[in-house]
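Student: One structure is given below, represented as structure tokens, and several questions about it will come after.
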Amino acid sequence: MRLVLIHPNYHSGGAEIAGNWPPAWVAYLAGPLKAAGYTDIHFIDAMTHDIGEAELHARIAALEPDIVGATSITPSIYKAERALEIARAAAPGAVTVLGGVHATFMYKQVLSEAPHIDAIVRGEGEEVFLDFVRAVEDGRWQTARKAIKGIAYTQGSEIIATPAAPTVKDLDAITPDWSILDWEKYIYIPLNTRLAIPSLARGCPFTCSFCSQWKFWRDYRVRDPQKVVDEIEDLVNNHSVGFFILADEEPTINKKKFTEFCEELIRRGLPDRVKWGINTRVTDIQRDKDMLGLWRQAGLVHISLGTEAAAQMKLDLFNKETKVEENKEAIRLLREADIFTEAQFIVGLDNETEETLEETYRFARDWNPDLANWTMYTPWPFTPLFQELRDQVEVFDFEKYNFVTPIMKPEAMDRATLLDRVMANYRRFYMIKALFHYPWRGRGFRRKYLLGCLRAFAKAGFARTFYDLGKVGYWGPQSKEKVDFQFDETRQIAEAQMADWDAMADRKRRAAERKASVRDQIKAEKARVAGQGAADAGVPRLNQTTPAQ
């Protein structure tokens, strides 16, 4: 049984400016497959190696696979569909399968527009994909596929989704196979070292309206910190990784586990050999301000904060549960702990104006993070906020849903002006940092890291890959009238399929609604009884004698 796994060749000028990101999904899939005896696995990272369609066809044909699999987030969905179409032509007898967050919730649209895809794996892939591979090997793929939980496929003219598979309960039983990656290509530009993206936990207990991760993973689960450090030690010893970023949405949620993770890194002497970064919330920074020294001692040097928006109105819309003033305090605390800070601003909602964009710049200057990013609001079609704003969404070309293209059009400005004002924020912020901040902040690691970040921005800027500027034809304020985002207006939207996808947050919400309903019923009954008692006390009964007048 030969398997070929493909990472689609998609580029957008976003996170790539910091380097080539190793596709962790293939390591976490390959580990359980190899443990089950499926060792003939080949990985084609078409994105990192920029593999064109002709070369992809040739490589698949030469391998003669039995199964070809790919993954996709929303912006890479068309590239993933095309990769599997090429696989069908190159290996007609192979079974084609797609996984990832977009296909999980949009499987009807994907299977409708890409009939060359035989099946979709919905949700976490380790256990579902293994069941799928066994069914193909045993010849049960066509006859018993309804028994495979967590997949979707086409049968005649009907699209069928089997019941959702349970989430992976024992994450510690998964041993990823990181050797499947070509490590020479995965370089983190700020430190010019190899980069890895392991995970400490899956899921998130928060339900930010613009995010799909809490819905995709369904349950929040934390791995054994020692197992995670085992994995990191293997990455350092056997693959020369010098920097890692935890893939978690918010690894600091579980304070006990995160502290154990830091302490284990220190115990093994790993902070001298590898540095790392995370994303987290400002509230966790304030909660754990006494632990920041331990974090830094453990090698944590970079924290990206979901400050999201400068206007409190927007924070409330996003359901972030944070206050604007907390952002500045969190950045100050991290600066004092010698941890680099990156502030993330979401821009481009319908109420965005030139004034609100200027406000985000003023906040960035006032808060003084080491780095700042202005991210275009991207309404994933399977998030709560998309459902609320759907009437305002005009673009359904998913390839542009990449956080750098203005999908939403604000009422007060056109998209080109929005892009121009965001670029103005970048130019001003980083010009000041380049002249007055980065070169003068210490002589050791801090200065090296900051200048490395500046080098990454400069490299992407000169290559015109940053923010897809070269593709859309933006060269500065003088060119904004000629900017062309090249939206494919023939693309249409289909409904997301989430009715069978029960997340932990959904269950908690329903339980809370049930409790509230019961409380309301009890209150109503008590009020009714009390009212009836009052009425009985004031109204003569039929057998009572009325006093004489």
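The values are calculated or read from the model by the stated rules, or taken from the named source; none is laboratory data. None of the values given here were measured: they were computed from a predicted structure. Here the Cβ positions follow ideal geometry from the backbone for every residue, glycine too, while neighbour counts run over all protein chains shown. Accessible surface is based on the protein model in full, side chains and every heavy atom, while ligands, DNA and RNA are left aside. Shrake-Rupley method; radii C 1.70, N 1.55, O 1.52, S 1.80 Å.
Student: At 1.4 Å probe radius, can you tell me the per residue accessible area of region 24-114 in Å²?
Tutor: Each residue of region 24-114 exposes 33 Å² on average to a 1.4 Å probe.
Student: Show log10 I(q)/I(0) for region 384-437 at q = 0.28 Å⁻¹, two decimals, from a solvent-free Debye sum over equal Cα scatterers.
Tutor: -1.13
Student: Tell me, which cysteines of the chain are without a disulfide-compatible partner by the Cβ under 4.7 Å rule?
Tutor: C204, C262, C453
Student: Can you give the accessible area of E358 in Å² (nearest 10), computed on protein heavy atoms with a 1.4 Å probe?
Tutor: That residue has around 60 Å² of solvent-accessible surface.
Student: In nm, give the distance between the simple-model label positions of I522 and R464, each being 7 Å from the Cα along the Cα-to-Cβ direction.
Tutor: Taking the two extended label points, one gets 6.8 nm.
Student: Moving on. Give, as a single signed number, the net charge of other residues whose beta carbon lies under 11 Å from the beta carbon of K289, with Lys and Arg counted +1 and Asp and Glu -1.
Tutor: Values: positive: R287, R332; negative: D284, D288, D290, E329, E336.
For residues surrounding K289, the net value is -3.
Student: Tell me, what is a quarter of the convex hull surface for the C-alpha atoms of region 140-229, in nm² with one decimal? Please report the intermediate quantities before stating the final value.
Tutor: Values: hull surface 40.5 nm².
Value for region 140-229: 10.1 nm².
Student: Using protein chains only and a probe of 1.4 angstrom, how many square angstrom of V26 are accessible, to the nearest 10?
Tutor: Its heavy atoms expose roughly 0 Å² to the probe.
Student: Let me ask something else. For D484 and R287 in one chain, what is 0.36 nm times their gap in residues minus the Cα-Cα distance, to one decimal in nm? If you can, show how the numbers build up before the last one.
Tutor: On the way: separation 197, 0.36 × 197 = 70.92 nm, distance 4.51 nm.
So the extension gain works out to 66.4 nm.
Student: D366 versus R446, label points 7 Å from Cα toward the beta carbon: distance in nm?
Tutor: 2.4 nm
Student: Calculate how many DSSP beta bridges within region 1-118 are antiparallel, expressed in % of all such bridges and rounded to the nearest 5. Could the numbers behind the result be given before it?
Tutor: On the way: 0 of 14 bridges.
Around 0 percent antiparallel, to the nearest 5.
Student: Note down the net charge around P410, summing +1 for each Lys or Arg and -1 for each Asp or Glu among other residues with Cβ under 11 Å from its Cβ.
Tutor: Details: positive: K409, R415, R421; negative: D350, E352, E354, E411, D414.
Summing Lys/Arg as +1 and Asp/Glu as -1 gives -2.
Student: When N is the residue count of the chain, what does its C-alpha Rg come to as a fraction of 2.2 N^0.38 Å?
Tutor: Details: Rg = 26.6 Å, N = 549, 2.2 N^0.38 = 24.2 Å.
Here the Cα radius of gyration is 1.10 times the empirical estimate.
Student: At a probe size of 1.4 Å, how large is the accessible area of R332, to the nearest 10 Å²?
Tutor: Rounded to the nearest 10, that gives 80 Å².
Student: In nm, give the distance between the simple-model label positions of R2 and D40, each being 7 Å from the Cα along the Cα-to-Cβ direction.
Tutor: The modelled label-to-label distance comes out at 0.7 nm.
Student: Can you pull the percent of the chain's accessible area that's carbon plus sulfur, 1.4 Å probe, other chains left in place?
Tutor: Working: 12290 of 24090 Å².
Heavy-atom surface of the chain belonging to carbon and sulfur, 1.4 Å probe: 51 percent.
Student: Test of understanding: what is the full-extension gain from R134 to R428, defined as 0.36 nm times their sequence separation minus their Cα-Cα distance?
Tutor: Values: separation 294, 0.36 × 294 = 105.84 nm, distance 5.59 nm.
This chain segment gains 100.3 nm when fully extended.
Student: Now, a different point. Could you calculate the contour length gain from T175 to R273, that is, 0.36 nm times the residue separation minus the distance between their Cα atoms, to one decimal place in nm? Display every interim value, and only then the final one.
Tutor: On the way: separation 98, 0.36 × 98 = 35.28 nm, distance 2.22 nm.
Between T175 and R273, full extension yields an extra 33.1 nm.
Student: Continuing with the same structure: Taking only C-alpha pairs under 8 Å that are 6+ residues apart, what is the relative contact order of the chain in percent?
Tutor: On the way: 919 pairs, mean separation 76.9, N = 549.
Worked out over the chain, it gives 14 percent.
Student: State the antiparallel share, in %, of DSSP beta bridges confined to the chain, rounding to the nearest 5. Don't skip to the answer; put the middle values down first.
Tutor: On the way: 11 of 49 bridges.
Bridges in the chain are about 20 percent antiparallel.
Student: Given q = 0.20, 0.21 Å⁻¹, what are the Debye log10 I(q)/I(0) values for region 17-71, with equal point scatterers placed on the Cα positions and solvent ignored?
Tutor: -0.87, -0.93
Student: Could you tell me what fraction of 2.2 N^0.38 Å the Cα radius of gyration of region 356-420 comes to, as a two-decimal ratio?
Tutor: Numbers: Rg = 13.5 Å, N = 65, 2.2 N^0.38 = 10.7 Å.
Computed over Cα atoms of region 356-420, the ratio equals 1.26.
Student: What whole number of Å gives the distance from the Cα centroid of region 441-490 to the Cα centroid of region 234-261?
Tutor: Between the Cα centres of region 234-261 and region 441-490 lies a distance of 29 Å.
Student: Apply 1/(1 + (r/R0)^6) to the Cβ-Cβ distance of E355 and A530, taking R0 = 45 Å, and write down the FRET efficiency to the nearest 0.05.
Tutor: Details: r = 54 Å, r/R0 = 1.21.
That pair, E355 with A530, gives E of 0.25.
Student: Probe radius 1.4 Å, ligands and nucleic acids left out: which of V222, V236 has the largest accessible area, and how do the rest follow?
Tutor: Values: V222 40, V236 15 Å².
Order by accessible area, largest first: V222, V236.
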